[in-house]
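S.K.: Let me give you the structure first, and then I'll get to my questions.
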Amino acid sequence: MNKFAPPAHFSNLYEQDDKHRGGGPSWGNWLLYGGLVFLFLIYSNTFTSAFQFDDFSVIVDNPQIHLNSFTFQSLKNSTLSHLEEGVVSRPVARLTLALNWYMSQRNVFSYHVVNLFIHILAALFLFKTLILLYKTPVLQNTPETIVLGSSLFATFLWAANPVQTQAITYIVQRMASMAGLFYIMGIFFYLRVKFAQTKLQKISSLFGALICFFLALGSKENVVTFPAALLLIEIIFFNDNLSWRKHGRVIIATALLVCLFCLLFAFFSLNRDYALPMFDYQDRYFNLQERMLTETRIVMYYISLLLYPLPERLSIAHDVVLSTSLFNPLSTFFSIAAIAGLLFIAVRRMKQWPILSFAIFFFFLNQLVESTILPLELIQEHRNYLPSLFFFWPAASGFFILQQTIFRKSSLGKISLSAMACALVILFGWSTAMRNSTWKTKSSLWHDAYYKAPSRCRPAFNLAELAEQRGRITTAIKRYNDTLSLVSPNPAFFHSMALMKMSELYSLQGNSDKAILNYRRSIHEMPDLPFSKYQLAVLLYRMDRLQEAASILKDLITQNLAGPKTHGLLGQIYLVTGHGDEALHELATSLQMDKQSLNVMEAFALCLVSKHKYDDAEQLLYQLDRRAQDPLPPLLRSVIYSAQGRSVLAAAVVARILDDFSLMSIEKQIRRMIRSGIDPTFMQYIKTTVDNHSSRNLFTCNNPNYEEKK
């Protein structure tokens, strides 16, 4: 028999017999199921909420997630391949996102349904885990009414809290909620191991705990604290003879090891000779010391959000003033003192107040990964999903102990306090529904963030993108310009992107000088970012400043930053400047890198014809005939027929061109062909035929300095 077997009164705690009602479910079950329905209702307004922010890079614009066939290889590719830009793969969470894509692609409904199901399941297992914790030796003598009432109250204060909306309504943060679900399931199965009556039950529960831990790791890495959480449970709840004298040394030794661990990582992250990439602060606007000091204030702010979660205090972006020293700002010192005080209480009162001690330790333990030395963004609300699992348990327990103590003989008093508990949960739920409405569209989310954090770069940048998408060019330029003076998590990157966006908009307005100036400023911000250089080269090419454009493209190739577009554009410059061999080389290189580029294929065919390589050109034109939507391929074919003496075929092709395409598009491509150095002798018949079919001469503007704007 298990030495931790609970007392008999726990065996039927929330499934008691109710003979006078025919053995139906107990009031505890009704409240539990009612609470789960309540969770569904307060999140039901999220089912049409749009993709937001990182949803696009992780899901919508990420082909690796796009599962199109339900095969083992497709599942493997979607689950185990890494995202671009060095994001660590989280295979379990990514598998669920891939399955969602397979079911509904860009339709957000299924994504939100899965997110809500995860949250409801997490709430259910939190309740069951709390019930099991009350069976432990330290808490086993707790009265049944307190056990059931406090477990329900703590569960739904956590589950209905508006702070959790970012982990649930923000689709990609399923990673955080899944990690929380498997974490609490792992604790539940571990407790089942402790209370197992047979070896089979013990083995199966242990296997379940291990599986949940690995599933949690596959969802998000911050669950590495799981073994430490189990150690806390062992120390606090399974040792009823707990004393500071007996366990104080162990606790102090553990704390010292954690401090040593942090110091070692700090050393490696600050010392360039031993720097680790994942601790690189180079692209952040804060250093390690500033982050560590600032996070003490942020963690205390998280606590205040959990206790006072008005929608007005919640945002996807927060204004955070950096702590540059222990007393600047002064709240840094008080935050450190508060954290130290809470940990001191947790240690000293572990025996008298085990629930409070566990909640404090659990919260700070699970803030260690994301709120200490890693160079992540300073503040994100979804980071509280896992740490806050047991946050409300002490208050809920104290509430029902107070109810049973003060109103022990007063049914009205007990009912009144229970009604107050329900009202608080409903108030949390109402606030959650209100906060969820902010996530409805990209516009509503980022206007809300800009209003609450006007000094942050990201909300202003996203609003600028919205203005650009709606065609409000002047407003977009102003907003992008404003972001240059705002605080950003990665200043160089955001400044470079804003300047590049401004350049594109100035180019649309025809203000080439300002466009070039801002492209150069963008390159200065991030010299290793090839896109700004390529875009500047494109603009110079369109302005017929070919030597400058070619110089930039050659630099990109020399620095190994060139992609297929770079080689393709350089090939087209070589083509119009009379360097046919170099053009062939660059265009062939571009096609080797990207065989689907229509523009490069057309330029390559044009180059082959200009070099009299007609057989190779015809093979390429057969491919272009199926894809091209302009007259260039048939025009090139007519040139080849003319060169080969097949005048009848050439005439037939030209006649078809005149039937299928507008004169303006024909004129544009003929000018392009002339500029590319195709022998004028072969063009004469085409020009004459086209002129004869036109009411005007298409070549009156035949200026050798004609600027092609392709």
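S.K.: I want to confirm something. Restricting to region 102-130 and keeping residues that are of a type in the set (Phe, Trp, Tyr) and modelled with pLDDT of 95 or more, which single residue is surrounded by the fewest Cβ atoms within 10 Å (Cβ to Cβ)?
M.R.: Residue satisfying both the conditions and the ranking: 117.
S.K.: From (1) modelled with pLDDT of 90 or more; (2) over 16 Å from the mean Cα position of the chain (by Cα), pick out the condition that doesn't hold for residue 50.
M.R.: Only one criterion in (1) modelled with pLDDT of 90 or more; (2) over 16 Å from the mean Cα position of the chain (by Cα) is unmet by residue 50, namely (2).
S.K.: Sticking with this structure for a sec: Let me confirm something: among 154, 179, 216, 229, which residue is within 30 Å of residue 415 (Cα to Cα), in the same structural domain as residue 309 (by TED's automatic domain parsing), part of a helix (DSSP H, G or I) and not polar (S, T, N, Q)?
M.R.: Testing whether each residue is within 30 Å of residue 415 (Cα to Cα), in the same structural domain as residue 309 (by TED's automatic domain parsing), part of a helix (DSSP H, G or I) and not polar (S, T, N, Q) leaves just 154.
S.K.: Could I ask something else about it? Say whether the condition of being touching a Leu at 6+ places or on another chain (Cβ under 9 Å), among the acidic types (Asp, Glu) and either surrounded by 16 or more Cβ atoms within 10 Å (Cβ to Cβ) or in a helix (DSSP H, G or I) (or both) is met by at least one residue in region 585-607.
M.R.: yes
S.K.: While we're looking at this one, here's another question. How about region 639-662: which of its residues are exposed (fewer than 15 other Cβ atoms within 10 Å of the Cβ) and over 47 Å from the mean Cα position of the chain (by Cα)? Lay out the reasoning, then the answer.
M.R.: Filtering region 639-662 for residues exposed (fewer than 15 other Cβ atoms within 10 Å of the Cβ) gives 644-648, 652, 655-656, 659-660, 662.
Correct list: 644, 645, 646, 647, 648, 652, 655, 656, 659.
S.K.: Could you grab me the full set of residues in region 482-496 that are surrounded by fewer than 16 Cβ atoms within 10 Å (Cβ to Cβ) and over 21 Å from the mean Cα position of the chain (by Cα)?
M.R.: Narrowing region 482-496 to residues surrounded by fewer than 16 Cβ atoms within 10 Å (Cβ to Cβ): 485, 493.
Once the filter is applied, which keeps residues that are surrounded by fewer than 16 Cβ atoms within 10 Å (Cβ to Cβ) and over 21 Å from the mean Cα position of the chain (by Cα), region 482-496 yields only 485.
Condition check ((1) within 30 Å of the chain's Cα centre (by Cα); (2) outside the structural domain of residue 221 (by TED's automatic domain parsing); (3) not hydroxyl-bearing (Ser, Thr, Tyr)) across all residues:
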residue	(1), (2), (3)
388	yes, no, no
399	no, no, yes
406	no, no, yes
418	no, no, no
427	yes, no, yes
441	yes, yes, no
449	yes, yes, yes
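S.K.: Quick check on this structure: which one of 89, 78, 74, 57 is at pLDDT 70 or above, within 40 Å of the chain's Cα centre (by Cα) and not in a helix (DSSP H, G or I)? Don't jump to the end; show me each part of the working.
M.R.: On the way: 78 fails: not in a helix (DSSP H, G or I); 74 fails: not in a helix (DSSP H, G or I); 57 fails: not in a helix (DSSP H, G or I).
Matching residue, one of 89, 78, 74, 57: 89.
S.K.: Within region 380-424, restricting attention to residues that are among the aliphatic types (A, V, I, L, M) and crowded, with 22+ Cβ neighbours inside 10 Å, which residue is farthest from residue 311 (Cα to Cα)? Steps first, answer last, please.
M.R.: The initial filter retains those residues of region 380-424 that are among the aliphatic types (A, V, I, L, M), namely 386, 389, 395-396, 401-402, 406, 412, 415, 417, 419-421, 423-424.
Among the residues that remain, those that are also crowded, with 22+ Cβ neighbours inside 10 Å are: 386, 389, 396.
Values: 386: 20, 389: 20, 396: 23 Å.
So, considering only residues that are among the aliphatic types (A, V, I, L, M) and crowded, with 22+ Cβ neighbours inside 10 Å, the one farthest from residue 311 (Cα to Cα) is 396.
S.K.: Looking at region 487-513, which of its residues are closer than 13 Å to residue 532 by Cβ and aliphatic (A, V, I, L, M)?
M.R.: Within region 487-513, 492, 497, 498, 499, 500, 502 meet the criteria.
S.K.: To continue, here is another question. Return the total of residues in region 314-337 being touching a helix residue (DSSP H, G or I) at 6+ places or on another chain (Cβ under 6 Å) and not in a loop (DSSP other than H, G, I, E, B).
M.R.: Residues that pass the stated criteria total 4.
S.K.: Need pairs with beta-carbon distance below 8 Å; first residue under 17 Å from residue 49 (Cβ atoms) and within region 113-125, second not in a helix (DSSP H, G or I); sequence gap 6+ or separate chains.
M.R.: So the pair list comes out as 113/47; 115/169; 116/43; 119/43.
S.K.: Considering each residue of region 336-362, count those that are touching a residue at least 60 places away in the same chain (Cβ under 8 Å) and either within 16 Å of residue 388 (Cβ to Cβ) or within 35 Å of the chain's Cα centre (by Cα) (or both), and give that number.
M.R.: Kept after step one, since they are touching a residue at least 60 places away in the same chain (Cβ under 8 Å), are these residues of region 336-362: 347-348, 350-351, 354-355, 357-358, 361-362.
Then keep just the ones that are either within 16 Å of residue 388 (Cβ to Cβ) or within 35 Å of the chain's Cα centre (by Cα) (or both); that gives 355, 357-358, 361-362.
Residues that pass the stated criteria total 5.
S.K.: Go through region 399-501 and tell me which helices (runs of 4 or more DSSP H), entirely inside it, have 1 or more residues that are among the charged types (D, E, K, R) and touching a residue at least 40 places away in the same chain (Cβ under 8 Å). Spell out how you get there, then give the answer.
M.R.: Numbers: elements: 411-438, 442-452, 457-469, 473-483.
Filter on region 399-501 gives 411-438, 442-452, 457-469.
S.K.: Considering only residues that are surrounded by fewer than 24 Cβ atoms within 10 Å (Cβ to Cβ), under 14 Å from residue 380 (Cβ atoms) and of a type in the set (Val, Ile, Thr), which ones fall in region 146-184?
M.R.: Matches in region 146-184: 172 only.
S.K.: Between a residue in region 188-214 that is among the hydrophobic types (A, V, I, L, M, F, W, C) and any residue that is surrounded by 15 or more Cβ atoms within 10 Å (Cβ to Cβ) and in a loop (DSSP other than H, G, I, E, B), which pairs come within a Cβ distance under 6 Å, given they are 6 or more apart or on different chains?
M.R.: 195/4
S.K.: Let me ask something else. Taking region 502-547, which residues are surrounded by fewer than 16 Cβ atoms within 10 Å (Cβ to Cβ) and assigned to a loop (DSSP other than H, G, I, E, B)?
M.R.: 509, 510, 511, 527, 528, 544, 545
S.K.: Before we move on, is residue 579 within 23 Å of residue 671 (Cβ to Cβ), surrounded by fewer than 16 Cβ atoms within 10 Å (Cβ to Cβ) and modelled with pLDDT under 90? Spell out how you get there, then give the answer.
M.R.: Details: within 23 Å of residue 671 (Cβ to Cβ): yes; surrounded by fewer than 16 Cβ atoms within 10 Å (Cβ to Cβ): no; modelled with pLDDT under 90: yes.
In short, no.
S.K.: Let me ask another. Kindly establish whether residue 33 is in the same structural domain as residue 221 (by TED's automatic domain parsing) and exposed (fewer than 14 other Cβ atoms within 10 Å of the Cβ).
M.R.: yes
The values are calculated or read from the model by the stated rules, or taken from the named source; none is laboratory data. As the structure is a prediction and not an experimental result, all values here were calculated from the model. Methodologically, a virtual Cβ is constructed for each residue, glycine included, from the backbone with ideal geometry; neighbour enumeration extends over all protein chains shown.
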